[in-house]
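Step one of this worksheet: look at the structure below.
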């Protein structure tokens with residue numbers, strides 16, 4: 001009789017452990033599901049939808065919050081001063097005029113963003129500050145070392161342009177123009193950025209909303 005009681009007790013404990021394991025497994029799965037849900041809620045830039053907001057500091061340590069520029073046209077330009085595609089853009093009088101006039105306009109703002117990681121091409125505060133002055137960039141040059149903002153927007157190249165309208169909707173992203181390194185692709189020179197800005201200001205639909213960007217890859221960290 002005692003042997004049977006012991007066997008029943010052992011069996012009962014085993015069932016209890018199995019039941020507990022099931023509870024723990026379910027709890028773990030539920031927790032994992034919550035994590036997945038949080039991952040899904042990370043904002044990503046998408047044409048026709050509200051552009052993700054962010055805060056970054058410029059090369060002089062001043063913080064800029066994109067929320068402060070709501071109600072204005074916003075241009076974001078991914079930047080790397082040592083990428084060979086970038087100097088011809090920023091030393092072009094045509095581009096400087098568009099860039100500087102956009103930043104200085106009452107209804108618009110322009111930001112360059114360097115998402116390069118430490119130790120990689122184009123990284124470094126002093127280096128970027130020097131090019132900011134050399135190329136007479138009157139607008140802010142923001143630093144995104146972790147690459148979080150760049151990845152959030154899906155920035156692929158330097159340069160890569162994003163245009164956000166006054167309602168905060170992303171209207172265009174892609175190439176600046178069709179003449180990288182001043183070599184025209186096609187029958188005529190086209191400034192996609194200037195055309196998109198004019199279309200947004202006039203209330204037209206932006207067309208095209210995306211042109212494949214050219215340039216160097218953004219030098220993100222591996223992590």
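Readers should treat all values here as calculations from the given coordinates under stated rules, not as data from a laboratory. Small disclaimer: the values here were computed from a predicted structure and weren't measured. FYI the Cβ positions are ideal-geometry reconstructions off the backbone, even for glycines, and counts take in every protein chain you see.
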- Query: Mean separation of Cα pairs under 8 Å and 6+ residues apart, divided by the residue count of the stretch 40-116: what relative contact order is that in percent?
  - Reply: 29
- Item | Extension gain, residue 43 back to residue 130 (0.36 nm per residue minus Cα-Cα distance, nm) | 28.1 nm
- Could you please rank 152, 137, 53, placing first whichever residue has the fewest other Cβ atoms within 10 Å of its Cβ? 53, 152, 137
- Label-point separation in nm, residue 195 to residue 92, each point 7 Å along Cα→Cβ: 1.3
- Round to the nearest 0.05 the FRET efficiency obtained for residue 145 and residue 212 when R0 = 22 Å and r is the Cβ-Cβ distance. 0.25
- Message: Rounded to whole Å, give me the distance from the Cα center of the stretch 178-223 to that of the stretch 122-175.
- Response: 14
- Task: Starting with the fewest neighbours, write out 86, 218, 200 ranked by other beta-carbon atoms found within 10 Å of each beta-carbon.
- Result: 200, 86, 218
